[in-house]
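The values are calculated or read from the model by the stated rules, or taken from the named source; none is laboratory data. Nothing here was measured: the structure is a model prediction, and the numbers come from that model. Cβ placement follows ideal geometry from the backbone for every residue including glycine, while neighbour counts extend to all protein chains displayed. With ligands, DNA and RNA removed, areas are computed over all heavy atoms of the protein, side chains included. Shrake-Rupley method; radii C 1.70, N 1.55, O 1.52, S 1.80 Å.
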Amino acid sequence: MAATAYSALIQAARFHINAARGSGATYKTDKFWSDDELLNIALRGTTDLWAALIDLNEEHYLTIDATNVSIAADATSLTGVPADTFRIYLIEPRDISDTGSTRDVRFVPKDYNDQYFIDSRAWGSTDPTSPAIIFYALTGQGAPNAAPTVLVAPTLSSAMNLRFVYIPTLGVHNYTLTSPNPIPGESDHALIAWTVAYARGKEREDKLPDAGWLAVYQTEKQSLLTRMQPRQVQEPEYVDGMFRY
C-alpha cells in the first residue's frame with residue numbers, strides 16, 4: 001500500500017479551513033491558501049515528526065551504505081560520507097568475513113577532546129590487517145547543509161573500505177505535491193492537524209496557529225510515538241550477559 005501523497009493531505013486539510021468553503025460548497029480551490037503554501041506548512045510538520053521518531057531509537061530510517069565510504073592511508077577523516085548523514089549508527093570494515101584482512105578493526109565513537117582521542121592522534125599509522133581500535137568523531141554542520149566530517153585517529157597505514165550505517169535527514173526541500181508522506185505509523189491525521197493549525201493562523205489577527213488544532217496535533221503525535229515502539233516484540237530465549245562487551 002502506497003503512502004498518502006501530500007496533495008491528498010492538503011485537500012483533506014482544506015475541509016477544515018474557512019476559505020475552502022463558499023456558497024455551501026464542501027470544497028473548492030481558493031486563492032487564500034495556495035497548494036504551495038500549504039505544502040510548505042505540511043513539510044514543516046513532517047520535519048517535526050521525523051525529529052521525534054528518530055529519538056525513539058527504533059531505527060525507522062536506518063540506512064546502510066556499503067559502497068561509498070572509505071578511509072585513505074594516513075587520512076585523518078573518512079571520504080565518501082553521504083551528504084544526508086544526520087547521525088552515525090555504526091562504522092565497520094566492509095568485509096568482516098572470515099577471509100577479510102581488516103575484519104578485526106573496530107571503530108569506536110569518542111569526543112574529539114577525549115584523552116584517548118588526543119593520545120591516538122599522536123600515534124604512528126596503524127596496520128589495518130592487525131586488530132586495532134579507531135576512534136571517530138562526527139563534526140561539522142552536517143545535513144542538510146553539507147556532508148559532515150568524520151574525524152578518525154589513529155591513522156591507517158593502508159586504505160580500507162567501510163560499511164557506514166547512519167540515520168539520514170529527509171531532504172524535504174526536494175518534496176513536491178506528488179511526494180508520499182515519509183512518516184510511518186499512519187501519521188496522516190497528525191500532518192493534517194498541523195497543516196490546519198498553521199494555515200488557520202492566516203485567518204487570525206495575531207497570525208498565531210490555531211490552539212485547538214495544535215492540541216489535536218500534539219495528541220496525534222503522542223499516539224504515533226507510543227505505537228511506534230517497540231518494533232520487535234518477540235521475547236528472546238536468552239538475554240545478554242551484564243558484562244558482555
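Per residue, the average separation of C-alpha pairs within less than 8 Å and at least 6 apart gives the chain a relative contact order of 26 percent.
The aspartates and glutamates within cross-link reach of K202, meaning a Cα-to-Cα straight distance under 18 Å and a gap of 8 or more places when in the same chain, are D30, D35, D36, E37, D210.
Using the rule -39500 (n - 2.57) for each DSSP H run of four or more residues, divided by the residues of the chain, the 222 nm mean residue ellipticity is -8500 deg cm²/dmol. Among the listed options (i) 7, 23, 24, 19, 15, 8, 3, 0; (ii) 7, 31, 37, 21, 4, 0; (iii) 7, 25, 31, 24, 11, 2, 0, the one matching P(r) over Cα pairs in 10 Å bins from 0, in percent as calculated from these coordinates is (i). Give me the net charge of T176's neighbourhood, meaning all other residues with Cβ under 15 Å from the Cβ of T176; Lys, Arg count +1, Asp, Glu -1. Residues close to T176 contribute a combined charge of -3. The simple spin-label model puts a point 7 Å past each Cα toward its Cβ; for A159 and E92 those points are separated by 2.4 nm. Given a Förster distance of 30 Å, report the FRET efficiency between A211 and L56 from their Cβ-Cβ distance, rounded to the nearest 0.05. That gives a FRET efficiency of 0.65.
Dividing the radius of gyration of the alpha carbons in region 79-139 by their Kirkwood radius gives 0.99 for Rg/Rh. In the chain, excluding the sites themselves, the longest stretch lacking any of the trypsin sites (Lys or Arg not before Pro) that are in a DSSP loop with at most 13 other Cβ atoms within 10 Å is 32-203. For region 72-117, what does the accessible surface come to per residue with a 1.4 Å probe? Please give it in Å². Per residue, region 72-117 has an accessible area of 60 Å².
May I ask for the longest run of the chain untouched by GluC sites (Glu not before Pro) that are loop-located per DSSP and have at most 16 neighbouring C-beta atoms (other than their own) within 10 Å?
My reading of the result: 60-185 is the longest stretch.
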